[in-house]
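**Q** Structure incoming, see below.
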Amino acid sequence: LPMRRGPHWSDALVAAKLRAYFRKSSGPFLLHAHSTKAGLLGAALRPWIPKSLYTPHAYRSVDPTLSPLKRKMIQTVEQTFTNTYDRVIAVAPAEYHHAIKLGISPERIRHIPNGIQAPENDMDLRAVSTNPSHKKLTLGFVGRLASQKNPLLFLEVLREVAILRPDARAVVVGDGPLKTEMHAYAERFQLHHRIDWRGAVPFASAHHDMDIQVHTSHYEAMPYTLVESAAYRLPVVSTKNDGSVAVLGRYLPEAIVDSFDAKALAERALSVCSNSEDMTRQIEGLQKIAEHFSMDRMIAALEQEYESLISL
């Protein structure tokens, strides 16, 4: 069914069509809702659904930029509709513990990390050199151009890198409400000629054109963009959030910068791209991350939960 990403009056029509579909369905079936909007729709449809699961993919209430009052209001809403589900799938340890803090019974929560399909052949992997690059240094941003992803910080990082590397360029993959503001920032600080705006295209179509991904999100549960970077061996530096800790914390903790400071992120990115030892360490860590967050492992765990619920 065609849907808007954010809340919209047409959601009522979508809910009505789904309700009609579920009322006509026979035999055992379940609903798996992903992210907040689907979670709200699924909660509204609960009377017509025998069994249901919800994967938040980052609760909104973990956003560090929220005021205490707004956080409390969002927590109340999240607790109310999450409690309508039989299972809650937390994709990261921090999300698991946050769900418990919201008042969700631990017996209903499962920790199942996101997984990704490995590249089909070695040709899909980046041909990474451990020697300092002689070509133009290209930073990459992958994600929605929205406040959660903090894309303006990425432009600040590019600005800082360009001071030391006048050849610096950027590839921006994604679209969203901050696109106009980002273009204005790029024009103001004379960065526009450095940026290749790709729009909403698959990660696989752009990773070969990047030297390093700069992940700038305010908050995440477990972002696919970091797992994709690992799968394609694209070096990465990241702000510290639940998602970056979940993906990078075990095998590549030095890729996490414990601040939202553009200069600190720029320095870490330049170190990786100019130091052969740092680059070698990155590639080794990315390979281990890709092996850990496999698609097969995720699917097997989800299938087990599906079968368990249907059999009840």
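The values are calculated or read from the model by the stated rules, or taken from the named source; none is laboratory data. Nothing here was measured: the structure is a model prediction, and the numbers come from that model. Glycine also receives a Cβ, built like all others from the backbone with ideal geometry; neighbour counts cover every protein chain displayed. Areas reflect the complete protein model, heavy atoms only, side chains present, ligands, DNA and RNA absent. Shrake-Rupley method; radii C 1.70, N 1.55, O 1.52, S 1.80 Å.
**Q** Which condition does Leu102 not pass, out of (1) in contact with a Leu (Cβ under 9 Å, 6 or more places away or on another chain); (2) among the hydrophobic types (A, V, I, L, M, F, W, C); (3) more than 23 Å from Glu303 (Cα to Cα), if it passes all the others?
**A** (1)
**Q** Return the residue satisfying two criteria in turn: it lies in segment 30-40 and is without any contact (Cβ under 8 Å) to a residue 24 or more places away in the chain and open to solvent by 40 Å² or more (accessible area, probe 1.4 Å), and of such residues it is farthest from the chain's Cα centre (by Cα).
**A** Among those residues, the one meeting the criterion is His34.
**Q** Considering only segment 260-277, how many residues are without any contact (Cβ under 8 Å) to a residue 12 or more places away in the chain and open to solvent by less than 60 Å² (accessible area, probe 1.4 Å)?
**A** So the answer is 2.
**Q** Among (1) under 30 Å from Phe29 (Cα atoms); (2) touching a residue at least 24 places away in the same chain (Cβ under 8 Å), there is one condition Gln304 misses while meeting the rest; what is its number?
**A** Gln304 satisfies all of (1) under 30 Å from Phe29 (Cα atoms); (2) touching a residue at least 24 places away in the same chain (Cβ under 8 Å) except (2).
**Q** Related question: Can you tell me which of Ala221, Ala230 is aliphatic (A, V, I, L, M), part of a loop (DSSP other than H, G, I, E, B), under 27 Å from Val91 (Cα atoms) and open to solvent by less than 10 Å² (accessible area, probe 1.4 Å)?
**A** Answer to the selection: Ala221.
**Q** Would you point out the residue of segment 184-196, among those that are in contact (Cβ under 8 Å) with a residue 12 or more places away in the chain, open to solvent by 10 Å² or more (accessible area, probe 1.4 Å) and over 16 Å from Ile212 (Cα atoms), that is nearest to the chain's Cα centre (by Cα)?
**A** Per the stated criteria, the residue is Tyr185.
**Q** Could you please tell me which pairs satisfy a Cβ distance under 6 Å, a separation of 6+ or placement on different chains, a first residue in segment 162-179 that is in a loop (DSSP other than H, G, I, E, B) and modelled with pLDDT of 95 or more, and a second residue that is open to solvent by 40 Å² or more (accessible area, probe 1.4 Å) and of a type in the set (Phe, Trp, Tyr)?
**A** Partner pairs satisfying both residue conditions: none exist.
**Q** Consider Ala204 against the criteria (1) open to solvent by less than 20 Å² (accessible area, probe 1.4 Å); (2) modelled with pLDDT under 95: it satisfies all of them except one. Which criterion is unmet?
**A** Unmet condition: (1).
**Q** Quick check: is even one residue across segment 41-60 over 23 Å from Glu303 (Cα atoms), surrounded by 14 or more Cβ atoms within 10 Å (Cβ to Cβ) and not hydrophobic (A, V, I, L, M, F, W, C)?
**A** Checked against the condition, which is being over 23 Å from Glu303 (Cα atoms), surrounded by 14 or more Cβ atoms within 10 Å (Cβ to Cβ) and not hydrophobic (A, V, I, L, M, F, W, C), segment 41-60 yields at least one hit.
**Q** Please go through (1) crowded, with 18+ Cβ neighbours inside 10 Å; (2) more than 16 Å from Ala221 (Cα to Cα) for Lys24 and return the number of the only condition it doesn't satisfy.
**A** Result: Lys24 passes all but (1).
**Q** Let me ask something else. I need a count of the residues in segment 56-83 that are among the β-branched types (Val, Ile, Thr) and in contact (Cβ under 8 Å) with a residue 40 or more places away in the chain.
**A** 3
**Q** Let me ask another. Kindly provide the set of residues from segment 162-176 that are farther than 13 Å from Gly143 by Cβ, surrounded by fewer than 18 Cβ atoms within 10 Å (Cβ to Cβ) and of a type outside the set (A, V, I, L, M), ordered by number.
**A** Correct list: Pro166, Asp167.
**Q** Then there is this: State the number of residues belonging to segment 78-96 that are in a helix (DSSP H, G or I) and either of a type in the set (Asp, Glu) or surrounded by fewer than 15 Cβ atoms within 10 Å (Cβ to Cβ) (or both).
**A** Adding up the residues that qualify gives 3.
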